[in-house]
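The structure under discussion appears below in the form of structure tokens.
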Amino acid sequence: MIEKKDVYILAIESSCDETAAAVVKNGREVLSNVISSQIALHTLYGGVVPEIASRKHIEKINQVIEQALQEAEVTFETIDAIAVTYGPGLVGALLVGVSAAKALAFGLKKPLIGVHHIEGHISANFIENKGLEPPFICLVVSGGHSHLVKVKDYGEYEILGRTRDDAAGEAFDKVARAIGLGYPGGPKIDKVSREGNPEAIHFPRAKVGESEYDFSFSGLKSAVLNYLNSCQMKGEEIHQADVAASFQKAVVDVLVDHSMSAVQKYGFHKFAIAGGVASNSHLREAMIKACEENGIEFYHPSPIYCTDNAAMIGVAAYYEYMKGVRHGYDLNAVPNLKLGERI
């Protein structure tokens, strides 16, 4: 282990449609967290357009890095290492961040640390929960990922379950589009569902027979589309809020059921959630209730640390840095990088 009084990490995140940079001190203290979002731009197209995302990253990357340093009141000389998300994500978007990080590391003669995007999401829980230490179980739910993970130690993971098709966030986006809410689907469904009846329509809760912790939301999405088509063919009125609330409850029920089952089976007393969908208010309420009923300590990041951000990448990188992990200038973007895979 490397011993140093204070360690400052400059982190970069560009895996999808947020260009982000942050400065993290000693793995738990966020000195700055700058995010340039492209949501307004991609809303015009109903979803993220990879080519446009990559171009915007190129335009914004230097600006967010400079702003992150200014807000943290540090200079490049203060920084001990450069961290960057190198996968998974959109390959063009990832390349912008990786190229910037490699250029900085080379020019400043600082260590380079590549970080797995999902590891970053899990590590977001360490920012505000100062007492949280592994081991624990974490549910990672975002637009592209639904993972149930055993966090054995810092940087050491065992995947207990993953999505077989659509991730939870992906299903939210597709259903939101189908009922006329638009993009991004998660926050819009969360908001409108509060005006609806979650018991109005029964949608299926899928189980994957050979793996009790895997997820499948494709059938649920199809069930919603079939319901909408049936109503249109029969000339029946579609209650948007009821559809949203009923769909959301079906997703949340599965996430809670799988999570509590895993926590109990493996004998853990700590459980955390992470990822964009982790900011969903109904999911949080349901998880709080389930954990209280089962005597489980529940951890979650604030919404700003649930969506893609560089602070979480800096936290994950700190623990890699302390283990002596370093990457060379041949570090490349790996769009389909698996959790726990090392490059």
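With Glu236, Glu170, Glu210 as the choices, which residue is of a type in the set (Asp, Glu), more than 26 Å from Val48 (Cβ to Cβ) and modelled with pLDDT under 90? It is Glu210.
Working only within region 163-186, note down all residues that are more than 22 Å from Ser259 (Cα to Cα) and outside any loop (DSSP other than H, G, I, E, B).
Scanning region 163-186 gives Asp173, Lys174, Val175, Ala176, Arg177, Ala178, Gly185.
So Pro134 passes all but one of these: (1) in a helix (DSSP H, G or I); (2) surrounded by fewer than 18 Cβ atoms within 10 Å (Cβ to Cβ); (3) touching a strand residue (DSSP E or B) at 6+ places or on another chain (Cβ under 6 Å). Which condition number does it fail? It fails just one condition, (1).
Taking the listed residues Leu225, Leu181, the one that is under 18 Å from Asp242 (Cβ atoms) and either of a type in the set (Asp, Glu) or touching a residue at least 60 places away in the same chain (Cβ under 8 Å) (or both) is Leu181, with no other qualifying. Residues that are touching a Ser or Thr at 6+ places or on another chain (Cβ under 6 Å) and not in a strand (DSSP E or B) within region 6-33 comprise just one, Ser15.
For beta carbons closer than 8 Å, sequence separation of 6+ or different chains, a first residue in region 131-157 that is over 15 Å from Lys265 (Cβ atoms) and touching a residue at least 12 places away in the same chain (Cβ under 8 Å) and a second that is in a strand (DSSP E or B) and of a type in the set (S, T, N, Q), the qualifying pairs are Val140/Ser146; His145/Thr163; Ser146/Thr163; His147/Thr163. Within region 165-179, is even one residue in contact with a strand residue (DSSP E or B) (Cβ under 6 Å, 6 or more places away or on another chain) and outside the structural domain of Asp17 (by TED's automatic domain parsing)? Yes, some residue in region 165-179 is in contact with a strand residue (DSSP E or B) (Cβ under 6 Å, 6 or more places away or on another chain) and outside the structural domain of Asp17 (by TED's automatic domain parsing).
Residue check: is Ala53 in contact with a helix residue (DSSP H, G or I) (Cβ under 9 Å, 6 or more places away or on another chain), under 26 Å from Pro187 (Cα atoms) and assigned by TED's automatic domain parsing to the domain that holds Lys109? In short, yes. Within region 16-29, the set of residues being buried (at least 23 other Cβ atoms within 10 Å of the Cβ) and modelled with pLDDT of 95 or more comprises Thr19, Ala20, Ala21, Ala22, Val23, Val24. Scanning region 236-290 for residues that are within 17 Å of the chain's Cα centre (by Cα) and among the charged types (D, E, K, R) yields one hit, Arg284. Scanning region 309-343 for residues that are among the charged types (D, E, K, R), modelled with pLDDT of 95 or more and either closer than 30 Å to Pro187 by Cα or not in a loop (DSSP other than H, G, I, E, B) (or both) turns up just one, Glu320.
Against the test of being touching a residue at least 24 places away in the same chain (Cβ under 8 Å), not in a helix (DSSP H, G or I) and not assigned by TED's automatic domain parsing to the domain that holds Ala93, the options Ala250, Ala206 yield a single qualifying residue, Ala206.
To keep it simple, each residue is scored yes or no on (1) assigned by TED's automatic domain parsing to the domain that holds Glu13; (2) surrounded by fewer than 24 Cβ atoms within 10 Å (Cβ to Cβ); (3) farther than 21 Å from Ser216 by Cα; (4) touching a strand residue (DSSP E or B) at 6+ places or on another chain (Cβ under 8 Å).
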position: Thr75; (1), (2), (3), (4): yes, yes, yes, no
position: Leu104; (1), (2), (3), (4): yes, yes, yes, yes
position: Pro111; (1), (2), (3), (4): yes, yes, yes, yes
position: His117; (1), (2), (3), (4): yes, no, yes, yes
position: Gly120; (1), (2), (3), (4): yes, no, yes, yes
position: Asn129; (1), (2), (3), (4): no, yes, yes, yes
position: His147; (1), (2), (3), (4): no, no, no, yes
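Within the option set Tyr266, Tyr299, being among the aromatic types (Phe, Trp, Tyr), surrounded by fewer than 15 Cβ atoms within 10 Å (Cβ to Cβ) and farther than 30 Å from Ala178 by Cβ holds for one residue only, Tyr266. Of the residues making up region 258-285, those that are among the small types (Gly, Ala, Ser), over 21 Å from Ile127 (Cα atoms) and either touching a Leu at 6+ places or on another chain (Cβ under 8 Å) or not assigned by TED's automatic domain parsing to the domain that holds Val149 (or both) number 2. Each residue in region 163-200 was checked for being at negative phi, exposed (fewer than 15 other Cβ atoms within 10 Å of the Cβ) and more than 22 Å from the chain's Cα centre (by Cα), and 5 of them qualify.
For region 303-324, the candidate set comprises residues that are closer than 21 Å to Gly169 by Cβ and aliphatic (A, V, I, L, M); within that set, the residue that is surrounded by the fewest Cβ atoms within 10 Å (Cβ to Cβ) is Ile304.
Looking only at region 34-87, count how many residues are in a loop (DSSP other than H, G, I, E, B), within 22 Å of the chain's Cα centre (by Cα) and either among the polar types (S, T, N, Q) or at pLDDT 95 or above (or both). The total comes to 1.
The values are calculated or read from the model by the stated rules, or taken from the named source; none is laboratory data. Only a predicted model underlies this, so the values are computations on that prediction, with no experimental measurement involved. All Cβ positions, even for glycine, are placed from backbone atoms using ideal geometry, and neighbour counts span all protein chains on display.
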